[in-house]
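Beneath this line is the structure, given in structure tokens, with notes to follow.
The values are calculated or read from the model by the stated rules, or taken from the named source; none is laboratory data. Note that the structure is predicted; figures quoted are calculated from it, not measured. Cβ atoms come from the backbone with ideal geometry, glycine included; neighbour counts cover every protein chain shown.
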Amino acid sequence: MSVLTSEAVVLRTWPVHEADLIVSFFTRDYGRVRGVAKSAMKSRKRFGGALEPMTVARAWFAERPGQELVRLDQLEIMRSPLSKPVDQARITVLSFFAEVLDQALPDHDPQETVFRLLLAVLDQTTVEQPWMPLTYFSLWMTRLMGLLPDIAHCTACGAALVAGETSFNMYGDGLFCALHRNGNASGLSADSWQLAQRMLRAPAEAFAGEPWPRRRGLDLRRFTLQALERHLERKLRSAEALGRLGG
């Protein structure tokens, strides 16, 4: 049995047996891993508050030959989502990050770029500004999963797109010009289209100083959400919760 350690982010937990928890956590070095935290519900000594979703921690775990689940021995908190003020919007945005990663990432496949993306948006997700990191994460996850063709050109004909005349639909990836807009299409505003191009060229912190009301980038988030849910072949519960908040 080999004991491994890595920086990790907790995605979700669920109970098994009487006192154990299964923990899904995303590690920098080994990708997404699922393991059993023995007696985690009975005693919080070994894990404390480290099992809260979106906690960044140093994880120690042991791989067991022939078994899918590892044995999670310890989590040492590096950054807790509870160290900053929380409200319903911030909690729901963090839940969205966790749900997308838990559903989209393959087991035991290191994804360094995705890990760095997650740390970057966690730093920016505050009560004052939850919508910018949500937009940035959704756009970049769509890109990193291979679901985002060149957004400067029409997916159907390759023509250069024009601000204010760009659309998307629920049946295909990419953006479409006015000529290839179909009856099921939704428009992508000029601001959102230009914003997406900027976000694909700059780090998340570059947008931290900009005003970001809830409505800004809403159509861009809908575009990326459609792509994510189409690929995952399921509706995201956290996305429904965000919709009820108007985000």
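So here's what we get for this one:
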item	result
F96 touching a strand residue (DSSP E or B) at 6+ places or on another chain (Cβ under 8 Å) and aromatic (F, W, Y)	no
Lone qualifier among L134, L119 - being buried (at least 19 other Cβ atoms within 10 Å of the Cβ) and under 16 Å from the mean Cα position of the chain (by Cα)	L134
Cβ pairs under 9 Å, 6+ apart, first in segment 121-148 and farther than 22 Å from P106 by Cα and outside the structural domain of V93 (by TED's automatic domain parsing), second surrounded by fewer than 20 Cβ atoms within 10 Å (Cβ to Cβ) and not polar (S, T, N, Q)	none
Any hit, segment 58-69, residues being more than 28 Å from L232 (Cα to Cα) and in a loop (DSSP other than H, G, I, E, B)	yes
Pairs, first under 11 Å from Q226 (Cβ atoms) and outside the structural domain of C154 (by TED's automatic domain parsing) in segment 169-184, second among the aromatic types (F, W, Y) and part of a strand (DSSP E or B), C-beta under 6 Å, six or more apart	none
Hits in segment 1-56 (condition: touching a helix residue (DSSP H, G or I) at 6+ places or on another chain (Cβ under 8 Å), assigned to a loop (DSSP other than H, G, I, E, B) and either assigned by TED's automatic domain parsing to the domain that holds T125 or not acidic (D, E) (or both))	R28, G49, P53, M54, T55
Of residues in segment 72-94 being without any contact (Cβ under 8 Å) to a residue 60 or more places away in the chain and touching a Phe, Trp or Tyr at 6+ places or on another chain (Cβ under 7 Å), the one surrounded by the fewest Cβ atoms within 10 Å (Cβ to Cβ)	Q74
Residue match in segment 96-104 (condition: over 20 Å from S24 (Cα atoms) and not basic (K, R))	no
Check on A163, among the hydrophobic types (A, V, I, L, M, F, W, C) and touching a Leu at 6+ places or on another chain (Cβ under 8 Å)	no
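Residue by residue, here is whether (1) aliphatic (A, V, I, L, M); (2) buried (at least 19 other Cβ atoms within 10 Å of the Cβ); (3) at pLDDT 95 or above; (4) closer than 24 Å to V114 by Cα holds:
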position: P149; (1), (2), (3), (4): no, no, no, yes
position: C154; (1), (2), (3), (4): no, yes, yes, no
position: L161; (1), (2), (3), (4): yes, yes, yes, no
position: H180; (1), (2), (3), (4): no, no, no, no
position: S192; (1), (2), (3), (4): no, yes, yes, yes
position: P203; (1), (2), (3), (4): no, no, yes, yes
position: A208; (1), (2), (3), (4): yes, no, no, yes
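Listed here are the residues, each with its yes/no results for (1) in contact with a Cys (Cβ under 6 Å, 6 or more places away or on another chain); (2) in contact (Cβ under 8 Å) with a residue 40 or more places away in the chain; (3) exposed (fewer than 14 other Cβ atoms within 10 Å of the Cβ); (4) under 24 Å from R90 (Cβ atoms).
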position	(1), (2), (3), (4)
V23	no, yes, no, yes
G31	no, yes, no, no
V36	no, no, no, no
M41	no, no, no, no
G48	no, no, no, yes
L51	no, yes, no, yes
